[in-house]
Structure formats: C-alpha cells, structure tokens
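Right, one structure below, let's go through it.
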Amino acid sequence: MLPLEALPLRQPSSAVAARGRILACDPAAVVAGVEPGHRLSTALGLQPGLRVCERDPAREAKALENLACWAGRFTPTLALAPPDALLLEIGGCLRLFGGAPAIVDAVLAGCAGQAYSVDWAVAPTPLGARWLARTGAGIMADTPARLHAALAALPCAAPSWPDEIVVRLESFGLRCLGDLARLPAAGLRRRIGNGPVDDLLRARGELPDPQRAFVFPASFAAGLELPSRVEHAEALAFAGQRLCAALAGWLHARQLLARACTLHLTHDDGTHSAVNLRLGEPGADEGRFLRLLREHLSHLRLAAPVEALRLTADEVVARPGASASLFDRPAAGEGAAACLERLRARLGENAVHTLGLRADYRPECATSGHDPLADLPEKSPSTATFAAPRPLWLLREPQALAEQAGRPCWHGPLQFVTRSERLESGWWDEGEAEAAGDLRRDYCVARNRYGQWAWIFRDARGWFLHGLFA
C-alpha cells in the first residue's frame, strides 16, 4: 500500500494508478467495488467520485527513507529493499527490548500510528524474511529449522520470479519451494538458470546475502510533499507526525538530542514560512516533539494554503554517556595525563593502556600493554629492526589453511607477494614457549583474489594464517 500511503493527507475514496490501471486503493474505494488491477475507466465507473493520483516513485522512495530514519530507534543496522520493504537487523537488540516479539509489536504499533499498513516476518536471512513478509505470513521463523519449514510451504510465485520461470516450474509439477529444495541444484540450474537457484540458497541461508546498510545522514532534513493544499494549520499535525517520528529515530541512531528544530512550510503562492520548535531541555522523544508542534499549530494562521513541509534539526547535542562525548575538547591547559585520567574514569581502569615493543622476534611475544600513567617497565622497548613488513592485526590463534595444488588458500588461492622470512626463536624461554611455542616458521606476505593481504607461515604442520594487513 506504499504508493497510496506515501500520500499523507488524502481524501476518502482515493486510489493510485499507473499506466491506466489501479495499483492501490483505500477502504472507501474497496467498498465501492474498486480493486487493484482494474482499469481506470472501470474504477471511475464504479466510483465516479474516486480521487485518482498518479504513482510517484520519488515520493515512495522518500517515504521509505523517512521510515528508515524512524526505525533507527529499534536498531542502528537496517537496509532499504526498494520499492516497498525495510530490513531491520534486530539480533543485537533483542535483550534491550525484551525479545523479538516485543520489537515486532513496537514496530507494528509505530507504523500504525503513522498510518502505514505493513506485512512482516522475522527470519535469520534477509531474503527469507522478505519472501515470508510478502505473502502476509506474519511469522516468527527465528531459527533455521523454522525458516526452512516456512519457506518450503511458500508457492513458487512467492519470490516474484519472472512468469516464464514460474510456468516452467509448474510444468515440472513443482508447486512450492519445498519441492525445489529437494531437487539437485545442478539439474535445476540447467533448466531454470542460476538466478532462482541462488535466490533459494540465499533465502535458506546457504549462500551469503550481504545488504547495503542504510546510512543515517549526518544532519537531519526530511521533506514531505502534500497531495493536496492544506488551508488550516491544525490539519498539518498528521503529516508533521511522520516527520517527527523520522527525527526521533534519527536522533536515537545518531545518539543525539535535539535542542531546537524548525518546520518549514511551502505555500502554493511560492512563499515560505517557518514554525520554530525550541525545547526547554534537549530530547529525542517523538511524542514530545509532536505535542510541541500541535501547540504551535493550534494558534497559527496560514497566510496561504500549504503544499509541502520540511523539518530540520537546527541544534543537536550529544546524548549523555554516548561515545560522541568521549573526546570532548579538553579545558585550556589540560595535559596528556589529565586526558588519560578522564578516559580511564569513563571507560574503566583496564580499558586504556599503551602498546610497547619487546625484544622478541616471536609475533605472539613482540608486544605488551603498559599502564600509561606508570613508570616504564624494567625491560626496555625493543630496538630490533625487521627485514620484512609486519601486519597491524595479529590473530589470537593462527588459523590453519587448506592447500590446493601445494598452494595455501584463503578465500581462494593465495599469491605470494614477498619471499619467505625464517623465524626460529624461543627455545631459551620456557615460560612463554608453552604459549608461543619454540618457533620454526617461514613467514611471507600473500594476497588473495579480493585484494586482501595476509601474513602466512609454514611449519612442519602445514600453512597457517597469522595476521592481516588489509
């Protein structure tokens, strides 16, 4: 219903059309017999007073982005799935809200408050959740087993594959996705191509399906074009509610509080006016913004009808306790010691330390952490130089690598970039030899097909990944 519900202030008995056919219609039009798919002439014959608007993809995209900003109150990790879907990654927020059912209830209530009707599903994979939601399942398939069972019951038309693919599958006697999952993938690829098979594997979680994360803007400015001119200021409150909801979600995602914001009004005669909202105390509560907006609109007289709104956050401050305030500008004259004291007070005594070198060629023993406020350790830092580069990131434990035709593989075969460097050390140090081992390793730098640079070594057991450059 997004093509219709992206129009915030519409008259009853409204519909959205494209290419001469009805795409979506409100309940008043449905009562009159109008249905999606009807020709425009048929719909007007059934309901002569039907208000028809042309589909506006740009308006829908903007509504989806505003809804994504609003959803930032539930999770900082979400993705747009145009033209009409949002993906919220809630795995890291379950304890905060008290479980997935609580998050679902809150999301549905918030969407209903903004007059959005939604279909939903919870699943371990993005594509699986989308397919289940599009069928109106409203299901909590929060484990791989439940996901596979729910997907198996979906008809082959659920993924919105091309009609010729669906017809071909039905000609094979395949009616649901479970029938496809039981067939050999190689045979299916020869008959229907790679696309549908890969989609099914991604939906089941057997292939990775990375999503492009929605990036919350650095500053908030959300606009809304009204479908009809508004002559009374109080009527703008409903449209303003969607903007206030988007602002509150953006503030939560950015860990900010708003001190002042402005609702800009664009009138049909080309003039502009503004409603300034200044809070006595910085906040991020949607209800608080909306109550303040209603108070201003209740005594506002419009000089001309309004055709568009735009809400901007003019003054924002960091939320107390947020990491944004960790590195506030120190007071004049504050030195490094005072800065370290403040950091340790905020983060904990053991959270701040300096990293020093030790006179040891073994990678596991070459560095150590020191108290930044204490005297230097008795052992002086290492002055040894290394003939070969060292990675910035060292794995906690070396990772064994598979071999292919005698060459190590890490996300594909590795290409050697440098010659081998022999490290044979540690036989004299019994205390640390147990952890680091009496080393006899040949190290070199290698690169895979994705451009990742790795530090690998070979010993009597085989090839291992020990560090990462990039």
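The values are calculated or read from the model by the stated rules, or taken from the named source; none is laboratory data. Model, not experiment: these values are computed from the prediction. Please note: Cβ atoms are built from the backbone with ideal geometry, for glycine as well, and neighbour counts cover all protein chains shown. The area values use the complete protein model at the heavy-atom level, side chains included, leaving out ligands, DNA and RNA. Shrake-Rupley method; radii C 1.70, N 1.55, O 1.52, S 1.80 Å.
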Practice prompt. Using just the alpha carbons, could you tell me how many Å³ per residue the convex hull of the stretch 2-55 encloses?
Written response: 60
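Using the Cβ atoms and a cut-off under 14 Å, what net charge is assigned to the surroundings of A304, where Lys and Arg are +1 and Asp and Glu are -1? Spell out each step's value before the answer.
Details: positive: R229, R301; negative: E231, D268, D269, E307.
Net of charged neighbours comes to -2.
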Discussion item. Treating only the Cβ of Lys, Arg, Asp and Glu as charged (+1, +1, -1, -1), what charge dipole size does the chain show about its Cα centre? Round to the nearest 20 debye.
Written reply: 1060
Worksheet item: So what is the relative contact order for the stretch 187-286, in percent, with contacts set as C-alpha pairs under 8 Å and at least six apart?
Response: 20
Worksheet entry | Distance between modelled label sites at D142 and Q404, nm, 7 Å Cα→Cβ extension | 3.9
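Applying a 10 Å radius around every beta-carbon, put 458-465, 304-311 in order of their mean neighbour count, most first.
304-311, 458-465
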Worksheet item: If you take the charge dipole of the chain about its Cα centre, with +1 on Lys and Arg Cβ and -1 on Asp and Glu Cβ, which of G91, G462, W120 is farthest toward its positive end?
Response: W120
Item to complete: At 7 Å along the Cα-to-beta-carbon direction for both R358 and S273, put a label point, then send me their distance in nm to one decimal.
Response: 7.3
Worksheet entry | Listed residues A245, A150, I103: farthest to the positive end of the dipole of the chain (Cβ charges) | A150
Response to the item:
In Å², rounded to a whole number, the accessible area per residue of the chain with probe 1.4 Å is 56
Response to the item:
Dividing the surface of the Cα convex hull of the stretch 58-203 by four yields a projected area in nm² of 9.4
Practice prompt. Tell me the label-point distance for the pair Q11, H264, using the 7 Å Cα-to-Cβ offset, in nm and rounded to one decimal.
Written response: 3.0
Worksheet, complete the sentence: Given unit charges at Cβ for Lys, Arg (+) and Asp, Glu (-), the dipole magnitude of the stretch 25-128 about its Cα centre in debye, nearest 20, is 120
Response to the item:
Taking Cα pairs closer than 8 Å and at least 6 residues apart, the relative contact order of the stretch 58-203 in percent is 14
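Using a 1.4 Å probe on the protein chains only, how many percent of the accessible area of the stretch 1-133 belongs to carbon and sulfur?
The value for the stretch 1-133 is 58 percent carbon and sulfur by accessible area.
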Worksheet item: How much net charge surrounds L50 when only other residues with a Cβ under 14 Å from its Cβ are counted (Lys, Arg +1; Asp, Glu -1)?
Response: +1
Worksheet entry | Nearest-0.05 FRET efficiency for L394 and D442, computed from C-beta distance (R0 25 Å) | 0.90
Worksheet item: So, counting K/R as plus one and D/E as minus one, what does the shell of residues with Cβ under 9 Å around R259 add up to?
Response: -2
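Send over the semi-axes of the chain's equivalent ellipsoid, whole angstrom and largest first, taken as the square roots of 5 times the C-alpha gyration tensor eigenvalues. Don't skip to the end; give the middle numbers.
On the way: eigenvalues 575, 276, 57 Å².
After diagonalising the Cα gyration tensor, the semi-axes are 54, 37, 17 Å.
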